[in-house]
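> I'd like to ask some things about the structure below.
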Amino acid sequence: MLIGLLALVAGLALVVWGAERFTDGAIHAAARLAMSTFFVGAMVSGFEPENLASGVAAGLGGLPQIALGTVIGSTIFLLTGALGLALLVAPMAVRIPREGPVAMVLSVVLFAVVLWNDGAVSRVEGALLVVAALALMFWLYRRSPIFHASVKAEDRQPASGLKITTLLVGGAVVIVVGAELLVHGSRTLLTVAGVSETFLGMVVVGMGESLEETARMTAPARRGHPELAWGNVVGTTVVLLTFNLGALALIRPLVADPLVLRLHAPYLVACTLLVAGALLVAPKLGRGAGAVLVLLFAGYLGLNFRNMWQ
C-alpha cells in the first residue's frame, strides 16, 4: 500500500515537471517551423506511445478489455476528468480551426461504426482506422497553418533544433515515466481488491494512462497558449479512437465485453460529441464547463463501481 502511494506522488510530480518542459519545446517548435501551436499540440501530444505500448502488451497477453481500456477509458478520462480539472485551474479561450472538433466527431463516428458493427475490431477494420487517422491528421495540418500567428511574440525567439528536441523528447520521456509510476501505483492499490478486467482496463488503466493530460493542458493554458492545450485534446481523441485502436487490431483483433458495448462505448461517444460541440459554438470554456466535465467523470466512476467485481 505504501509503495503504491509513493508511486502515485512521485508520478504526479514527474508528470507536472515534464509537461512544463514539453510545453516549452512545442511552443519553440511551432515558432521555428512557422506552424500553428494547435497542430503541434495535436501532432506531438496526440500520439500516445505509452497508451499504444500498454495496449499492445495487454492485447498480446490475452487481455482485450485492458487493451480497449487504453483507448476507451483513456479518451473518456481525457474529455471529462482531465479536461475538467484543467478548465477549473485555467479557463481557456477556443482559438482553433473548426476542423479540430469536426475531426473529433468523424473519429468517434468511425469508432462507433467499427465497434458496434459486431462487437469486435478485425484486422481489416484496424487497417481502415489507421488510414483514417493519417488522413484526418493530414487534413488538420492543411487547415491549421493560418493560425501560426497566434504564437506570441515573446515565444518567437530563435531556438536551436537540439534545444527543441531535448525539450520535446525529454519532457515526453519524463511524462511517460511519471505516468507509468502513476499506473503502477494505481494497480498496486486497486488490483489487490480482485476487480474485473473490464473495470481495471476502462477505469484504472484508462485513467492512469491519461493522467498526464491534465498537466499537458494546464501548463500551456496558464501561459497563454490554449490552442496548444486544445490541440492536445483534438489530437489525442483522433489518434486514440482511430490510429491506436486500428494498430491494436492489426496486431491482434479485439472483441469487446458486452458491458463495454452497453456502457463504456456509449459514454465515450456522448462525451466526445459534447466536447466537440462546445468547441464549435463556445468562444471560451471556463470553470463552469470544467465542473460539469468533472461531474461527468464522477458519474462514470459511479456507474463503474457497480460493475467492478469479477
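> Considering only residues that are farther than 21 Å from residue 135 by Cβ and crowded, with 24+ Cβ neighbours inside 10 Å, look in the stretch 29-53 and name the one that is modelled with the lowest pLDDT.
If we take residues in the stretch 29-53 being farther than 21 Å from residue 135 by Cβ and crowded, with 24+ Cβ neighbours inside 10 Å, then 30 is modelled with the lowest pLDDT.
> Give the number of residues within the stretch 94-141 that are among the charged types (D, E, K, R), in contact with a helix residue (DSSP H, G or I) (Cβ under 9 Å, 6 or more places away or on another chain) and surrounded by fewer than 16 Cβ atoms within 10 Å (Cβ to Cβ).
2
> Can I ask one more? Please list, ordered by residue number, the helices (runs of 4 or more DSSP H) wholly in the stretch 240-310 having 1 or more residues that are under 21 Å from residue 137 (Cα atoms).
Where helices (runs of 4 or more DSSP H) fall fully within the stretch 240-310 and carry at least 1 residues being under 21 Å from residue 137 (Cα atoms), they are 245-251, 265-281.
> While we're looking at this one, here's another question. Scan the stretch 224-275 for residues that are of a type in the set (D, E, K, R) and closer than 23 Å to residue 54 by Cβ and jot them down.
252, 257
> Return the residues of the stretch 286-295 that are in contact with a Leu (Cβ under 8 Å, 6 or more places away or on another chain) and either surrounded by fewer than 20 Cβ atoms within 10 Å (Cβ to Cβ) or modelled with pLDDT under 90 (or both); say none if nothing qualifies.
Selection gives 286, 287, 291, 294.
> How many residues does the stretch 260-275 contain that are among the hydrophobic types (A, V, I, L, M, F, W, C) and under 14 Å from the mean Cα position of the chain (by Cα)?
Qualifying residue count, the stretch 260-275: 3.
> Here is a follow-up. Provide a single number: the residues in the stretch 50-93 that are among the small types (Gly, Ala, Ser), in contact (Cβ under 8 Å) with a residue 60 or more places away in the chain and closer than 21 Å to residue 174 by Cα.
5
> Just need a number here: residues in the stretch 79-115 that are under 23 Å from residue 300 (Cβ atoms), assigned to a helix (DSSP H, G or I) and at pLDDT 90 or above.
18
> Give me the pairs: first residue in the stretch 104-128 and farther than 17 Å from residue 247 by Cα, second residue buried (at least 23 other Cβ atoms within 10 Å of the Cβ) and among the hydroxyl-bearing types (Ser, Thr, Tyr), beta-carbon distance under 7 Å, and six or more apart or on different chains, which are they?
Final answer for the pair search is 104/237; 104/272.
The values are calculated or read from the model by the stated rules, or taken from the named source; none is laboratory data. Model, not experiment: these values are computed from the prediction. Neighbour counts are summed over all protein chains in view; Cβ atoms, including those assigned to glycine, are modelled from backbone coordinates with ideal geometry.
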